[in-house]
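Down below is the structure, laid out as structure tokens.
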Amino acid sequence: MDILMKTVLLGIIFMFMWKVLAKLFRFRELCRKLRKIPQKSSHWLKGNANEVKDSITYCNYVMDIVNGGGRMYCMWNGPLPILGVCHPETFQQLNKQSHNKARGFTDGYRVLEPWLGEGLLISEGKKWERNRRLLTPAFHFNILNGYVDVMNDVTEQFLDKLGEATQGGESVDVFPYVCRSTLDNMLRCSLSYEGSMLESKEHSYIKAVQRLTTIMWERMLQPILLIDFIFKLSPLGSESKRETDVAHKFTGGLIQSRRNTLKGQTDLTEQKRRLDFLDILLTAKDENGNGLSKQEIQDEVDTFTFEGHDTTASAISWSIYALGQHPDLQEKVYKDVQNITRDSEGISQSCLSQFEYLPLFIKEVMRLYSPVPMIARRTTDPITIDGIEIPAGPRIDVNIYAIHHNPEIWKNPETFDPSRFDQHHRDETNIYGFIPFSAGSRNCIGQVFAMNEIKITVAKLVKRFEVLPVKDHTPELQPDVIMRSLNGLPVVLRPREH
């Protein structure tokens, strides 16, 4: 019996050691292959942890590689590799071979799942295809056209608040105001919400969203916190749970309120002037007659409420800041808006397609400041990019900010120049060189909604105010889930004389 037990024990030990050695061998092969990718020297255990501590230093690391001519990069988060593409051609190659969102152990999408679930931002495969198909009608032209009046009304209220804050020539950090305005637009357009975020200086939902996106980065760059049970026991995990509950309570209340309204209604078009995003979510059916589950509806509302206000708020805030930094270009925007709108206070649907210089200005803002600095993919099979074989497994970041600042693609990439996007330069900006809404099948479903909102807000703002810069202020870019400024985006607003 003793001999049998010893034999079994030795067998178990042998199998364990064999698996460990096999994993070590595969990891050694992975490292050998990845060393062909541009990267900086790293510690065998800590990786690049001494240099890359947050989203800012991560961005600096990548831009060093880009400015050295790299089209891809590799960074080591402890002993774990993180890859990235930073050139349009490398992104195009990746996009053709991999469409899976990065939801592995070290990935941001997995970290966001307790909050956003499996909405369109995170889901993949058949689930993503089905839900994307079901949600596409919510962004039909006729639906979006019905939102223009709402966006005009919200922007008027937003400008009133800015006017009050800048009386007497005081400067104002526009981001908090813009954030509440875009959330109002999202809630009123897509969820028919009747409240007003602009009347609240600090709404708990907005604070929760901003903190959750920062926690994501803090967790991703501390490998020990990627272990779920350790993270849940940590102070950061407890804070994340509290903020997630705040976000879910807010969106869940909106959904339940609409469910109660819809009870007994057989024809929504008879009850409402227009259908909105939540109506379509609650009533959509696939080819088998199945609708979205309660959890799927919650996930999509959480996703769109977040993505529909935070990313757009970044684009609008940086647009206002850029107007103040470039008075000559601001004058061109103003003249374009005046030429199209004349004496009309509102911005109509037809105006949105007639503006000429305003769209160029907005595109250059989204290139230079990249509202969404980065997205990520994960390969399930080996792929080849630029002749380098990349094994299945590692996360591959699509570094939008780096692509938008790549000197091989953009002349003088740090210079603000909207003329890059005029008709004479259109061939230089292919779909993979300018990707504020990503590209390919997983591009942003709400990009037309977002562009309409940005155009309306900026157009109405320049009609009412001249934007002036704050002396000696230089924004400190924080490329988290969205692009923020650590020290705010202050401007001075001077009412225009009519």
Proximal lysines to residue 335, defined as alpha-carbon separation beneath 17 angstrom and excluding residues fewer than eight positions away on the same chain
455, 460, 463
Within segment 88-190, count lysine pairs with alpha carbon atoms under 23 angstrom apart where the residues are 8 or more positions apart or belong to different chains.
4
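In whole angstrom, how long is each semi-axis of the equivalent ellipsoid of segment 376-435, when you take the square root of 5 times every eigenvalue of its Cα gyration tensor and sort them from largest down? Could you put the intermediate results ahead of the total?
Values: eigenvalues 180, 27, 20 Å².
With the √(5λ) rule applied to segment 376-435, the semi-axes are 30, 12, 10 Å.
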Computed over the chain, the relative contact order (Cα-Cα under 8 Å, seq sep at least six) in percent reads 23
Rounded to the nearest Å, the spacing of the alpha-carbon centers of segment 366-421 and segment 199-265 is 29
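So if R0 is 22 Å, what FRET efficiency would residue 476 and residue 157 give, r being the distance between their Cβ atoms, rounded to the nearest 0.05? If you can, show how the numbers build up before the last one.
Values: r = 30 Å, r/R0 = 1.35.
Efficiency for this residue pair is about 0.15.
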Hey, got a sec? Which trypsin sites (Lys or Arg not before Pro) in segment 2-109 land in a DSSP loop and have at most 11 other Cβ atoms within 10 Å?
35
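Filter the chain for me: DSSP H helices, axial length by Cα at least 30 angstrom, mean Kyte-Doolittle hydropathy not below -1.0. List them by residue number.
Values: long enough: 2-34 (48 Å, 0.96); 235-262 (41 Å, -0.88); 294-325 (47 Å, -0.45).
Passing helices, by number: 2-34, 235-262, 294-325.
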In whole Å, what three semi-axes, largest first, describe the equivalent ellipsoid of the chain built from its Cα gyration tensor (square root of 5 times each eigenvalue)?
42, 29, 21
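Give me 384, 182 sorted ascending by neighbouring Cβ count inside 10 Å, so fewest comes first. Spell out each step's value before the answer.
Values: 384 10, 182 29.
Placing the least packed residue first, the sequence is 384, 182.
Give me 386, 276, 302 sorted ascending by neighbouring Cβ count inside 10 Å, so fewest comes first.
Numbers: 386 14, 276 21, 302 24.
By the 10 Å Cβ count, ascending, the order reads 386, 276, 302.
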Can you compute the FRET efficiency between residue 12 and residue 389 using 1/(1 + (r/R0)^6), with r the Cβ-Cβ distance and R0 = 30 Å? Round to the nearest 0.05.
0.30
Looking at segment 1-55, which chymotrypsin sites (Phe, Trp or Tyr not before Pro) are in a loop (DSSP not H, G, I, E or B) and have at most 14 other Cβ atoms within 10 Å?
44
Show me the GluC sites (Glu not before Pro) within segment 336-373 that DSSP assigns to loop and that have at most 15 other Cβ atoms within 10 Å of their Cβ.
345, 356
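Looking at the chain, what % of its DSSP beta bridges pair antiparallel, to the nearest 5? Write down the numbers at each step before the final one.
Numbers: 28 of 33 bridges.
Taking every DSSP beta bridge with both residues in the chain, the antiparallel ones total about 85 percent.
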Taking amide H positions as placed 1.01 Å from N in the peptide plane, with prolines and chain starts having none, which residues 5 or more places from residue 385, or on another chain, fall under 5 Å of its amide H?
390
Please arrange 111, 154 by how many other C-beta atoms lie within 10 Å of their C-beta, fewest to most.
111, 154
What list of ³J(HN,Hα) values in whole Hz, one per residue of segment 387-404 in order, does the Karplus curve 6.51 cos²θ - 1.76 cosθ + 1.60 (θ = phi - 60°) give from phi, with Gly and Pro shown as x?
x, 9, 7, 10, x, 5, x, x, 5, 10, 7, 9, 8, 4, 4, 5, 4, 6
What relative contact order, as a whole-number percentage, does segment 296-387 give when Cα pairs under 8 Å and 6 or more residues apart are counted?
36
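We did not get these values from a lab; they are worked out from the coordinates using the rules stated. Keep in mind that what you see is a predicted model, and the values were worked out from it rather than measured. So basically every Cβ, Gly included, is an ideal-geometry build from the backbone, and we count neighbours across all protein chains shown.
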